[in-house]
1. Would you confirm whether or not segment 113-128 contains a residue that is assigned to a strand (DSSP E or B) and in contact with a strand residue (DSSP E or B) (Cβ under 9 Å, 6 or more places away or on another chain)?
2. Residues in segment 417-439 that are in a helix (DSSP H, G or I) and crowded, with 17+ Cβ neighbours inside 10 Å: how many?
3. Does any residue of segment 359-374 turn out to be farther than 30 Å from Val484 by Cα and either of a type in the set (Lys, Arg) or at pLDDT 85 or above (or both)?
4. Suppose we filter segment 158-193 for residues that are aromatic (Phe, Trp, Tyr), touching a residue at least 40 places away in the same chain (Cβ under 8 Å) and not in a strand (DSSP E or B); how many remain?
5. Restricting attention to segment 251-276, report how many residues are among the polar types (S, T, N, Q) and part of a helix (DSSP H, G or I).
6. Of everything in segment 194-208, what is in contact (Cβ under 8 Å) with a residue 60 or more places away in the chain and in a strand (DSSP E or B)? Give them in sequence order.
7. Is there a residue being under 30 Å from Phe552 (Cβ atoms) and of a type in the set (Phe, Trp, Tyr) anywhere in segment 386-402?
8. Looking at (1) more than 15 Å from the ligand (Cβ to nearest atom); (2) out of contact with any Lys or Arg (no Cβ under 6 Å at 6 or more places or on another chain), find the lone condition where Phe476 falls short.
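The values are calculated or read from the model by the stated rules, or taken from the named source; none is laboratory data. This one's a predicted model, so the numbers in the text were calculated from it and none came from an experiment. So basically every Cβ, Gly included, is an ideal-geometry build from the backbone, and we count neighbours across all protein chains shown.
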Amino acid sequence: MGGGVLRRISVVLGFVLVVAAAAAGVWRYGYFQALDQMARQGEADLALASDRLTGQLQRYRELAVLVADHPQVQAALAGGSGSGAEHLFLDIADKTAAQDILLTTPNGGILAQARSGVAPIDIGPLVSRAAQGALGWGNGRTGQGTRIFAFAAPVFDARSEIRGAIVVTADLAGIEWDWVGSNPAVFFTDATDRVFITNRSEIVFWQRREDGPGLAPADGTRVPFDSYRLGRHEVWQMGWGPYLPQNALHLVRPLPVIGMTGEALVDVAPARRLATLQAAAVAGLCLAFGALLFLATERRRTLAQANAQLEARVAERTAALSDTNARLTREAEEREEAQRALAQAQADLVQAGKLSALGQMSAGLSHELNQPLMAIQSYAENGVQFLGRGKTDRAGDNLSRISDLARRMGRIIKNLRAFARQESEPVVRVDVVAVLASAIELTMPRIRQAEVALYYDAPGTPIFVRGGEVRLGQVFVNLISNAVDAMAAQDTRHLSIAIRAGTGITVTFRDSGPGIDSPDKVFDPFYSTKDVGETEGMGLGLSISYGIVQSFGGEIKGRNANDGGALFSVELQRWDSMAEAAE
Ligand code: ADP
């Protein structure tokens, strides 16, 4: 997680750096472009200003040439004195706004002058050029500080010989006045590299620096200045007052016609603003795009993370579920196995219980079978004697008694066989009256042997319940045997059996024995108060009976009756049409 945050921060920082670099590139390119355009515009402006200046000065040049041809000038030269020309010069000077007009000898001696006095500037070099037949020109300052531009034209006589020169001077302040302050800042430097004409008065007479580009005041005052080049452009950085730009493009245009160099300082602030605007726009766009991209990837990352978490949880849950499933299946199998084992154990127990009951009943039963057998024997022997004496009717009598006894024995054996049979079908329709009759018959030998009085009023019609014939019979046999056992030491021995019909069918067994020692324990397996061996009690009879009745959906209960004896009841479900329909 921490690594991810660091990685993202470094990605964002890297992106910002790239955007900054791109913005710087855009700024530089935009600045170049703007400077190019600015330079073109500035060059046009400078050309215009230069043409204007040369155009203005041209007038004075032409004036000098014209005046040189004037007849009065020729006359004055012929006469050897300038007198007479002064008036003409003054008149022309006033009309043309020339500062002064002079007539000189080829050596520079003044013959006539419009505004009499001394020459405003040193005209020697100009006149000497005129003396060679060329046009002389130059600039300079008067004693009062007025800046002057002067032209000198040769004066020829009739034989085309140079006899003198006309010098016309112009006051530059008069030329400058109508473009002072206009943009861009323009200045013209003369041959001595000083600013002579400009539309910014603060830099008049500033001198070009010796150590490179730039200007400095002539009196040596230090002013801030620096410069750098951008491609073919030269940019000046200066703090020269409010009327000159802080950063300016420096443009140059040579003006050989008047022996000067025109220069312009174009403010680069607009170019910088434009470049900054372009760079900001590009950076803004990139940043916005980057932010969108970042948000999108963040969103995708978050989604992917949530997805992974979800999948992990699902996988976890699935694993847990399949674990649980496997465990449940295993448990179900184990339970089924246990149930099978239990059913088997119960079946085994039932069978064991029956064997035990048979053991208990064996004495009575053998007596019960022995007695008719003995009787059959005697009836048969007597019958043989009756036949010998020819008393066939008595012999027939004996035979029918033998037949009765044999039938009785057959019934006992049939009951025994039925009791011993292992019953496998679950719950069927059973006539509780018949089952009870069979159980009583099976236990009759013991009842009689123990001299127990049995009270039972058998219902005349069958009563159908849900159960199994053999197992239900086993329960009844068990209850009757227990009652007989309990009353062995009693003086009065009564066993009352009854069938009552309510919501279900209840069969009750009530004896006149001593009652149950611990009624809440009698149904526990292996609980017995009888001595082992005496009646071969194992303490299983009631617990087996409990299981059997419960498997029929019924209930077996045991308690002590009010008069002391034990009272056991077996409650069974009726086999009615409803149940039949449900089966
Ligand atoms: P067993 O007969 O082998 O002892 P049973 O489960 O049939 O096993 O009976 C358990 C115990 O319940 C008996 O030992 C006896 O103490 C008590 N019992 C059962 N029937 C009666 C009864 N009719 N009167 C008194 N006690 C009884």
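1. Within segment 113-128, the subset assigned to a strand (DSSP E or B) is 113.
If we keep only those that are in contact with a strand residue (DSSP E or B) (Cβ under 9 Å, 6 or more places away or on another chain) too, we end up with 113.
For segment 113-128, residues assigned to a strand (DSSP E or B) and in contact with a strand residue (DSSP E or B) (Cβ under 9 Å, 6 or more places away or on another chain): present.
2. 7
3. The answer is no, given that none of the residues of segment 359-374 is farther than 30 Å from Val484 by Cα and either of a type in the set (Lys, Arg) or at pLDDT 85 or above (or both).
4. Total meeting the criteria: 1.
5. Final tally of qualifying residues: 1.
6. The answer is Phe196, Ile197.
7. The answer is no, given that none of the residues of segment 386-402 is under 30 Å from Phe552 (Cβ atoms) and of a type in the set (Phe, Trp, Tyr).
8. (1)
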